[in-house]
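Visitor: The structure that follows is given in the form of structure tokens.
None of the figures in this text is laboratory data; all of them are computed from the coordinates on show. Everything numeric here is computed off the predicted structure, so don't read it as measured data. Because the Cβ atoms are built from the backbone with ideal geometry, glycine has one as well, and the counts that use them run over all protein chains shown.
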Amino acid sequence: ELIEVLGKRMNVSREIGALKKEHNMPVVQAGRYDDIMTTRVLAAKSMGMSEDFMRSILSTIHEESVRIQVELNNKKQS
């Protein structure tokens with residue numbers, strides 16, 4: 001189930017990347033990332049998970065999302 005959810009998340013990353021490219025937006029938006037990290041870490045802590053664990057997981061997911069969006073952004077339009 002986790003792999004399916006991550007696959008769906010990366011598909012959303014592709015959609016977001018396409019929109020950002022279309023509107024000339026930067027791939028990384030630090031303020032948004034910080035907000036998401038804070039709220040998700042708090043949610044994870046309330047479920048008994050460690051902050052370090054959740055930060056590590058979220059950071060890895062974010063890195064892959066950025067990689068996908070950068071790759072998409074670097075492709076030439078057909």
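Visitor: Can you give the FRET efficiency to the nearest 0.05 for S59 and A18, using r as the Cβ-Cβ distance and R₀ = 30 Å? Numbers along the way, then the final one.
Guide: On the way: r = 23 Å, r/R0 = 0.78.
In this case the efficiency is close to 0.80.
Visitor: Additional query: Taking the 0 to 90 degree range and rounding to the nearest ten, how far is the long axis of helix 30-46 tilted relative to the main principal axis of the chain, both from C-alpha atoms?
Guide: Here the helix axis deviates by roughly 30 degrees.
Visitor: Relative contact order for the chain using alpha-carbon pairs under 8 Å, separation at least 6, rounded to a whole percent? Don't jump to the answer; show the numbers that get you there.
Guide: Values: 39 pairs, mean separation 37.1, N = 78.
Contact order relative to length: 48 percent.
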